[in-house]
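Report on one structure; see the data block that follows.
Read-outs throughout are calculated quantities, based only on the coordinates presented, and are distinct from any laboratory measurement. For clarity, every value in this text was computed on a predicted model and none was experimentally measured. Neighbour counts run over all protein chains shown; Cβ positions are idealised from the backbone, glycine included.
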Amino acid sequence: MGNASDDPALVRLRPRKPPFLIRRLLRIPVLLHRLGLGPVFGQRFLLLVHRGRRTGRRRYALLIVLHYDRPSAEAMVVAARGSQTNWLRNVVAGGAVEARIGRRRFEPALRLPEEEETYLRLEELQLKNRWIVRLLSRFARLPHDGSKASLHRLAAVFRRAAFRPRNGSGIEP
């Protein structure tokens with residue numbers, strides 16, 4: 001059985017790149033994080049510092065955290081633009097340099113969670129913060145009515161990643 005994210009109807013709905021002005025406005029939280037104001041966002045956002053797979057230049061991506069596991073310091077995030085997201089392609093190519101979440105900063109190890117785990121995390125998040133799930137569905141250009149079927153569609157379209165401290169990198173408060 002094929003992956004649900006290969007469904008042509010879902011592939012067609014993958015979002016386009018936002019307009020230039022919107023992209024610039026979305027960079028403001030990255031700037032705030034870089035200025036040391038990351039704790040303002042708590043554990044809802046993760047700043048990922050990575051290297052471009054072709055240029056080797058340092059890049060920054062502010063990601064919405066679906067789930068944060070405090071004991072292991074693992075943060076699960078999704079790529080709302082699917083497999084076309086540059087940060088995900090860069091990290092898979094081995095370009096993860098640093099992750100910052102709240103006051104913590106660490107060298108990240110990458111894990112690629114399964115679709116079912118993403119569905120469960122979306123379901124948990126919907127119970128706590130329904131607006132975040134709605135926002136993610138808008139990024140993905142998928143209608144979301146709060147149903148389980150709607151959450152399964154979102155989990156199928158999103159590419160997922162989980163970051164935790166690499167062995168020996170430690171967690172800096």
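The order of Leu120, Leu88, Leu112, going from fewest to most other C-beta atoms within 10 Å of their C-beta, is Leu112, Leu120, Leu88. Averaging the Cα positions of each part gives two centres, and for segment 97-158 and segment 34-51 these lie 17 Å apart.
Summing charges over all other residues whose Cβ lies under 12 Å from the Cβ of Gly36, with Lys and Arg as +1 and Asp and Glu as -1, gives +4. Counting neighbouring Cβ atoms within 10 Å and putting the fewest first, the residues Val77, Val49 line up as Val49, Val77.
Working from Cα pairs under 8 Å separated by at least six residues, relative contact order for segment 4-165 is 28 percent.
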